[in-house]
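Have a look at the structure below before the remarks.
The values are calculated or read from the model by the stated rules, or taken from the named source; none is laboratory data. What you see is a predicted model; the values in this text were computed from it and never measured. Quick reminder, even Gly has a Cβ in these numbers, built from the backbone with ideal geometry, and neighbours come from all protein chains shown.
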Amino acid sequence: MTSIAIDNGAVVESGTVAYTVDLRPVVIAEGVTPTFRDLVGGESGADVRQLQQMLAAGGYFTGQVNGVYGTSTTQAVSRWQRALGVERTGEVARGDVLFVPGLPARLTLSADVVVGAQLTPEQTVVSAVASTPEFAIVVSGNMQQNLIPHTGETIDVEPTEDTRWSATVTGSTTDSSGQTVLTLAGVDGQPVCGDQCESLVPFTGEDRTFPGRVVTVPEVTGPAVPPAAVGTAADGSRFVVRVDGTRVPVTVVAADASRVVVDGVEVGDVVQLFSSPADSPAAPGGMPAESPDGSQGTSDGDD
């Protein structure tokens, strides 16, 4: 290994020089057929087609991508070699191109690959992983059925204490052990990790685990009042009553057993509690509308 041309975890495209061996560049190209032979005039096959595709993407090859190493391919290779600054032979040695299944991809260098290291044919030099990580939930067998998220439901992924990514369940499959695997996608077609995917590099190709929360009820904010402060009119509309007797229409945004988040009043407004019938205000005394964290406002009157 005479030089390393990429950073560990870098995203590479077709034609990127990854490193040099004996001062000769090793170039990344897309293809599922691994490098296994020298490519010279007269050869044909899937590896030749992959080479032609790389040369065409770089603007060196304008012929038909047919997997046949003919005159036009030889000339294109010569032009490519000139751009690389190596001898123009028109032939591609076995180690000159490194095919990876999909591009763009992240490349991670093996820990023992350093400048000056002796490389062997069986040695793994780099590993390619997707440029954007995929997120999934493996549902364990002891998880309660009513807690398993369904397609369309929201999951909050929390890689750190101060970071939260919102994701949506897009489907489910069953793995080889019979466990249910829920696939996740980010918001608006973006990756789950958004613009913070770089914080996960260098990717190793191994799974990483993050905490997550199933959002059964979306989080809401707004002024909150006790359930006993919300009345229901004959037409089904909801309202609260201020201490001066003014009835204020409200919209219930969310509710639990202890508070109701409403739209129509402000934090600090003082409202009356109902004793029994929904449209009858309670006797003297009121309750100020609270912020969702339970703190009360400072209003001391009817506003």
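Quick check on residue 83: is it part of a strand (DSSP E or B) and of a type in the set (Gly, Ala, Ser)? The answer is no for residue 83.
Give me the residue from the range 174-184 that is in a strand (DSSP E or B) and in contact (Cβ under 8 Å) with a residue 24 or more places away in the chain and, out of that set, farthest from residue 209 (Cα to Cα).
At the first step, the residues of the range 174-184 found to be in a strand (DSSP E or B) are 174, 180-184.
Retained after the next criterion (residues that are in contact (Cβ under 8 Å) with a residue 24 or more places away in the chain): 180-184.
Working: 180: 16, 181: 14, 182: 14, 183: 14, 184: 14 Å.
Among them, the one singled out is 180.
Going by the structure shown, is residue 94 surrounded by fewer than 13 Cβ atoms within 10 Å (Cβ to Cβ) and at pLDDT below 95?
Working: surrounded by fewer than 13 Cβ atoms within 10 Å (Cβ to Cβ): yes; at pLDDT below 95: yes.
Judged against the criteria, residue 94 is a match.
Whether a residue is touching a helix residue (DSSP H, G or I) at 6+ places or on another chain (Cβ under 9 Å), of a type outside the set (A, V, I, L, M), under 22 Å from residue 108 (Cβ atoms) and at pLDDT 95 or above was assessed, and residue 13 does not pass this test. With respect to (1) within 23 Å of the chain's Cα centre (by Cα); (2) crowded, with 19+ Cβ neighbours inside 10 Å; (3) not small (Gly, Ala, Ser), the lone exception for residue 81 is condition (1).
Taking the criterion of being over 14 Å from residue 99 (Cα atoms) and modelled with pLDDT of 85 or more, the only residue of the range 119-133 that qualifies is 119. The set of residues in the range 148-173 that are farther than 17 Å from residue 134 by Cβ and assigned to a strand (DSSP E or B) comprises 154, 156, 158, 160, 163, 164. Note on the range 225-251: residues that are over 15 Å from residue 274 (Cβ atoms) and touching a Lys or Arg at 6+ places or on another chain (Cβ under 8 Å) amount to 2.
For the range 53-76, filtering for residues that are closer than 18 Å to residue 43 by Cα, of a type in the set (Val, Ile, Thr) and without any contact (Cβ under 8 Å) to a residue 24 or more places away in the chain leaves 1.
Could you say whether any residue in the range 45-62 is over 18 Å from residue 128 (Cα atoms) and of a type in the set (Val, Ile, Thr)? Yes, some residue in the range 45-62 is over 18 Å from residue 128 (Cα atoms) and of a type in the set (Val, Ile, Thr).
Residues being aromatic (Phe, Trp, Tyr), within 30 Å of residue 127 (Cα to Cα) and either modelled with pLDDT of 80 or more or assigned by TED's automatic domain parsing to the domain that holds residue 269 (or both): count how many of those fall in the range 203-251. Let's see the steps before the verdict.
So the first thing to find is which residues in the range 203-251 are aromatic (Phe, Trp, Tyr), and the list is 203, 210, 239.
Add one more test, that the residue is within 30 Å of residue 127 (Cα to Cα), and what stays is 203, 210.
Now restrict to residues that are either modelled with pLDDT of 80 or more or assigned by TED's automatic domain parsing to the domain that holds residue 269 (or both): 210.
Residues in the range 203-251 being aromatic (Phe, Trp, Tyr), within 30 Å of residue 127 (Cα to Cα) and either modelled with pLDDT of 80 or more or assigned by TED's automatic domain parsing to the domain that holds residue 269 (or both): 1 in total.
Return yes or no: is residue 108 at pLDDT below 85, of a type in the set (Val, Ile, Thr) and surrounded by fewer than 17 Cβ atoms within 10 Å (Cβ to Cβ)? When the stated conditions are applied, residue 108 does not pass them.
In the range 238-268, how many are hydrophobic (A, V, I, L, M, F, W, C), surrounded by fewer than 17 Cβ atoms within 10 Å (Cβ to Cβ) and under 19 Å from residue 219 (Cα atoms)? Result for the range 238-268: 5.
Looking at the range 103-119, is at least one residue assigned to a loop (DSSP other than H, G, I, E, B), touching an Asp or Glu at 6+ places or on another chain (Cβ under 8 Å) and not basic (Lys, Arg)? Yes, the conditions are met somewhere in the range 103-119.
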